[in-house]
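Have a look at the structure below before the remarks.
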Amino acid sequence: MREQVAAVRAALARQSLPAEAIAAQFKRSPKAAVLSVVEALEELGMVQREGKAYRLQG
């Protein structure tokens, strides 16, 4: 889980992306797992949703 969070944050550090684009960066393209991580980060205030895309806060 820790590695998933770090990978999602690294992807969003470069640019705002929809969950599908983040998942596509992984070997197995685990959209459901990526979406869970993104939503958890959003709940913690670390990620903000902009339409269908997400971006890091701060």
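Some notes on this structure:
- Restricting attention to segment 24-58, the residues that are touching a Pro at 6+ places or on another chain (Cβ under 7 Å) and either closer than 13 Å to ALA7 by Cα or of a type in the set (Asp, Glu) (or both) add up to 0.
- Counting only helices (runs of 4 or more DSSP H) that sit wholly inside the chain, those with at least 1 residues that are surrounded by fewer than 12 Cβ atoms within 10 Å (Cβ to Cβ) are 2-14, 31-43.
We did not get these values from a lab; they are worked out from the coordinates using the rules stated. Quick caveat: nothing in here was measured; it's all calculated off a predicted structure. Positions of Cβ are generated from backbone atoms using ideal geometry, with glycine treated the same way; all protein chains shown enter the neighbour counts.
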